[in-house]
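What follows is calculated from the coordinates using simple rules that are stated; it is not laboratory data. Treat the numbers as computed from the prediction; the structure is a model and nothing was measured. Methodologically, a virtual Cβ is constructed for each residue, glycine included, from the backbone with ideal geometry; neighbour enumeration extends over all protein chains shown.
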Amino acid sequence: MAVDQYVQARPAPGLRPYVARYSGYRQRGLPPALHRGLPSPYLTLILTLDEPLVVRAHPDLAQSPGRYDTLLGGLHLTPALITHDGAQSGVQISIRPLGCRALLGLPAGELGGLDVDLAAAIGNRPAAALRSAVQSNDTWAARFAALDAALLHLRRDHQDPHPDLGYAYERILSTGGLVTVRRLAAEVGWSTRHLTSRFRAETGLGLKEAARVTRFDRARRHLRPGVKLSDLAAATGYFDQAHLARDFHAFAGVPPSRWLADEIGPVQPPAE
């Protein structure tokens, strides 16, 4: 019998400044498939339950394909290509860029465009503890609760980044990527050059890049069969349909129609 489970949950309140969501997935007995891990405003942490995650191509093409029990992916501008043979299972944790330092002890900027084994980034013991949190429980609710506890434990050991960088990031998210760099700099009282430099070092993207990725992410989450691209473009801040189509080619590597036809959906969450 085929199994196709997908479950989302919000983290504990104390983690919400750092983690956007948990997404659990389990598939069995399905056709082999290719999934595009698209650019988004969040870092991707995947903790597998059973079989490893198979990455055919990373956003940085200089990285060799690989198989991962745990994977931490930085912010990126091109898709990762993930394959499975009909079975895959795990939990994806969508980490806010400023949460990377607070939870894992390193700035997201060090991971910009890269995928790494979690143990290589934070050490074997804490990486094993996070994976054990999902492997040692039988229900999604219990797995998410165990992740809450494990991440809150990690949180005790690290400091938050500068609050003005957190403010800039949240403003980009809350406006769907439509706030200007000039406006952000005025609101935090920094020069545009200084804010852009600090933001890139902390997150791995410049302010304009982060805004563009956020706008694209919002659009693709609301793209469904039957949705007119012209209406979607207008609703998400694009100049026109052609503008949206260009961003889709840039960030997904395929036009919107091809993405809709190919997308298997278990690893990245749907529209909220």
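Worth a mention:
- Lys/Arg +1, Asp/Glu -1 at C-beta; the chain dipole; positive extreme among 158, 128, 184: 184
- For the stretch 3-155, size of Cβ-based charge dipole, Lys and Arg +1, Asp and Glu -1, in debye: 420 debye
- The stretch 123-180-the stretch 30-75 distance, computed between alpha-carbon centres (Å): 18 Å
- The charge dipole of the stretch 163-262, taken about the Cα centre with unit charges on the Cβ atoms of Lys, Arg (+1) and Asp, Glu (-1), comes to about 120 debye, rounded to the nearest 20.
- Shape of the stretch 124-198, Cα gyration tensor, a/c cut at 1.5: prolate
- Grouping the Cα pair distances of the chain into 5 Å bins from zero gives a pair-distance distribution of 1, 6, 13, 17, 19, 18, 14, 8, 4, 1, 0, 0 percent in increasing distance order.
- Per-residue Cβ neighbour rank within 10 angstrom, fewest leading, 230, 40, 64: 64, 230, 40
- Placing +1 on each Lys and Arg Cβ and -1 on each Asp and Glu Cβ, with no other charges, gives the chain a dipole about its Cα centre of roughly 560 debye.
- With N counted as the residues of the stretch 3-155, its alpha-carbon radius of gyration over 2.2 N^0.38 Å works out to 0.97.
- Our summary gives the chain a relative contact order of 21 percent, counting only alpha carbon pairs under 8 angstrom and 6 or more residues apart.
- Shape call, the stretch 171-219: gyration tensor on alpha carbons, a/c limit 1.5: oblate
- As a rough guide to protection, the peptides 220-228, 55-63, 18-26 ranked by mean Cβ packing within 10 Å, highest first, stand as 18-26, 55-63, 220-228.
- Shape of the stretch 163-262, Cα gyration tensor, a/c cut at 1.5: prolate
- Highest mobility in the GNM of the chain, judged by mean-square fluctuation with C-alpha springs under 10 Å and restricted to 244, 72, 34, is found for 34.
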